[in-house]
Every structure is written in structure tokens, then in C-alpha cells.
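The values are calculated or read from the model by the stated rules, or taken from the named source; none is laboratory data. Treat the numbers as computed from the prediction; the structure is a model and nothing was measured. Glycine also receives a Cβ, built like all others from the backbone with ideal geometry; neighbour counts cover every protein chain displayed.
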Amino acid sequence: MRAPVFVLCAESGNLSNYNAATPPVVLAIAGFDPSGGAGIAADLKTISTHGCYGVAAVTALTVQSTQGVKGIHIPPAANLRAQLDALAEDVTFAAIKIGMLGNKANAVVVAEFLDRVAARHVVLDPVIKATGGEAELLDAAGVKFLGEELLQRCTLLTPNVPEAQHLTGIEVKDVATMEAAARKLAERGARAVVIKGGHLEKPTDLLFDGAEALSFPGDLVKSPNSHGSGCTFASSIACQLATGRPLRDAVMLAKAYVAKAIQHGIHLGKGAGPLDHFYRIRQEPAARGTHEVPQHGLHPAAEPARH
């Protein structure tokens, strides 16, 4: 007797008997990195590995590899507006992550977009310069607009140490000065700020939620393959927020995810390789009797310390 054959038929654009739940939709607004390590590519990889569905609007086309940024092309801001409008007419966003904007015109488009859409969670990674500082990824007018207008429309701002210094004028060299910079950004309208401490001797991140400061200590991961870590961190937080986790937990889990992804970084090209966003699915199953890291968000290394 032949076994029954079940066939999914497409009817009027819908699959009959197909009832899979729609995952949270996370919108990434950023530049495109042809090497796949940073920008939109990193965002979409991160969003996928967190069980969300990623959609994207591209702000700029970069010419880059693992060896650095060699050129940037920024299409007219009207193109970005059209991308965002098309997506907003079609889907509802559980969270939005903003990365490289390129210039003030794009930053203004994004601010106007945020005023029109109801997005509960908006994570802004204030990308100003490429790693190494050679390439400007946001013009001076754009930096000014971001620091005065755009940050007020976001749930969380995620600068690294050089970006925090650029935006505040405060030299960031330890946890105390990180907190001072975060508080200054909050005074300018940021609802919450997490300053990434990867440029410090001990990579401690600091979250200021408008009321208290929490530090998240970590160990330095010695790997040359960390290209895209900032993009990934912000996208990971956006996904954690989109799935219902509170801000403190979202930051802690994102930090743990990025650290593991850097540990499993990929040796690619002649420069700084990318971190491995999909390291979890490449790991072999744990041996019987060993502790297994839960797959819903990674093991938080330590409780954050209050200041």
C-alpha cells in the first residue's frame, strides 16, 4: 500500500493549511558592507539567529573588505524614504535598529519616519567613523542632527568609547567617565544609553536607563575577527527587546552573544574577519552530563553591578 502524499498548494498567494506563526519583525536601517561582516548583512544575520524576521532599508553602499573601507556611495535620501515607506505600508515592526546613516539628509528622513510609525523599541548605533578612523560614515551635519534630534526619538543609544567622546566632549577612560558621558547624553534627550567599553583595557559596558547606571563587566576576547561587533550588539539588543525582554536583560544577553560570536570569529580575508553570527548551529551537541548553555539567549556571565 502506497503511503499518502501530502502536497502544499499555493492558492491566490497563500499556502493552504500553513499556519506558522509570524516571528517579530525587526527593521534594520544601515549601510551595505560587501564583505558581509558589518552593516545590513550583520544585522540580518543577527536578527535571524535570534528567531526574528529581518527587513532592511539601505542608507549607503560601501566599498570595503576585511581590510577596511575604500569608498562610500550614498544614494539620494528620497530613495531611503521610499524604502521605509514601502515597508511601513506592508508590515508592523516589533523593533527598529539604526546604524550607518551617511549624511544629515538620511538622518532627517529617519527622524521623520520614526515620527510617523509606532515603534516601541528603537536602538540607535551612532556610527560616525569606520574602525581605525579613516573613513567618515556620517558627515558633520549628520552628527550634529543625530546628537540634537535623532537620539530623542530612540529607546536606546549604543555608542562605543570614541563615539561617546565625539558626542559629549568627555574623555572616556573608565566606568566613572562612561557614566558621566551617558548622563550627558541623557540630558540631551536620550532615554537610555549603553556605552560599549571594547576600547578600554577591561571591556566593561555601562547602561544608564535614565535613573541608574549598571555596569556589565566582561573579559577581553583575544581575536582579530571582530568586524561588525558594534552592529551585531545593537541588533541583538533590538531583537531581545522585540521578543519582550526588559532593557537590562536585553543588554546583558546581547553582550554575552557578541562575546561568544567573537570567540568563534571567522578567519576570512587578509584583514579583520567577521564574528560568527551562527556559531550556535555549528557547535557540536554537549556531552551527556555537561551543562548546556540555554539556546534562548545565552548564559549571562555575571550580574550587572550598580553604581
Mind checking which residues of segment 97-118 are of a type in the set (Gly, Ala, Ser) and touching a residue at least 40 places away in the same chain (Cβ under 8 Å)?
Gly99, Gly102, Ala107, Ala111
Is it the case, given these coordinates, that Ile40 is of a type in the set (Val, Ile, Thr) and buried (at least 23 other Cβ atoms within 10 Å of the Cβ)?
yes
Considering residues of segment 200-214 that are closer than 13 Å to Leu247 by Cα and not hydrophobic (A, V, I, L, M, F, W, C) only, the residue nearest to the chain's Cα centre (by Cα)
Asp209
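Taking the condition of being part of a strand (DSSP E or B) and either modelled with pLDDT of 95 or more or β-branched (Val, Ile, Thr) (or both), how many residues in segment 177-196 meet it?
So the answer is 3.
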Within segment 140-176, restricting attention to residues that are in a loop (DSSP other than H, G, I, E, B) and among the polar types (S, T, N, Q), which residue is nearest to Gly102 (Cα to Cα)?
Thr158
Does segment 236-255 contain any residue that is at pLDDT below 95, surrounded by fewer than 24 Cβ atoms within 10 Å (Cβ to Cβ) and out of contact with any Pro (no Cβ under 9 Å at 6 or more places or on another chain)?
no
So, in segment 86-111, how many residues would count as being farther than 20 Å from Pro24 by Cβ and not in a helix (DSSP H, G or I)?
4
